[in-house]
Amino acid sequence: MTALQTIQSENQNKTRTNLLDSREFRTFPHGGCREDEVREICEGMQDILSACFSMPGKEIRSQERCRNEVSRVRQIGMYVTHVVVGLTMLEVGRGFQRDRSTVAHACHVIEDLRDDPAFERVIHMVEKLAEIAFLRNER
């Protein structure tokens, strides 16, 4: 291995380590790590959805295929968690036990449905609840 290859390899390892430090394993003031916070936020969002839509949390959390109403509520939750709370699609997917591509699909579907004024009011309500629940300390 040449000296140049060794330096390049070391730089790649440093970059990879820095990325891991800044994302997955970053610690927060409360002492937890990013994964713990993501899990708590997504669990909280699912509880909010359950209360808002009078739907059992067990159905919202189910990993099996379900009724359209349940999947639409889950899509709303994934959308709001990504857009309002600011988690990445990968983080939302992990928190909702779904794939990142499922979160991307949910965001596109909900964005398209927001043209309906009645649906827009529902989304706005869930967004406000998410702001109150998860962003109140940032103000």
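Observations on the model:
- Among the candidates VAL84, VAL92, the residue that is open to solvent by 20 Å² or more (accessible area, probe 1.4 Å) and in a helix (DSSP H, G or I) is uniquely VAL84.
- For the range 54-78, a tally of residues being open to solvent by less than 30 Å² (accessible area, probe 1.4 Å), in a helix (DSSP H, G or I) and either touching a His at 6+ places or on another chain (Cβ under 8 Å) or over 14 Å from ILE41 (Cβ atoms) (or both) returns 7.
- Residue within the range 73-80 that is free of Cβ contacts under 8 Å to residues at least 12 places away in the same chain and not hydroxyl-bearing (Ser, Thr, Tyr) present: no
- Residue tally, condition touching a residue at least 40 places away in the same chain (Cβ under 8 Å) and either crowded, with 16+ Cβ neighbours inside 10 Å or part of a helix (DSSP H, G or I) (or both), over the range 97-139: 10
The values are calculated or read from the model by the stated rules, or taken from the named source; none is laboratory data. Since the structure is predicted, the reported quantities are computational estimates derived from the model, not experimental observations. Heads up, the Cβs are rebuilt from the backbone with ideal geometry, glycines too, and the neighbour counts pull from every protein chain shown. When the accessible area is computed, the model is the full protein with side chains, heavy atoms only, and any ligands, DNA or RNA have been set aside. Shrake-Rupley method; radii C 1.70, N 1.55, O 1.52, S 1.80 Å.
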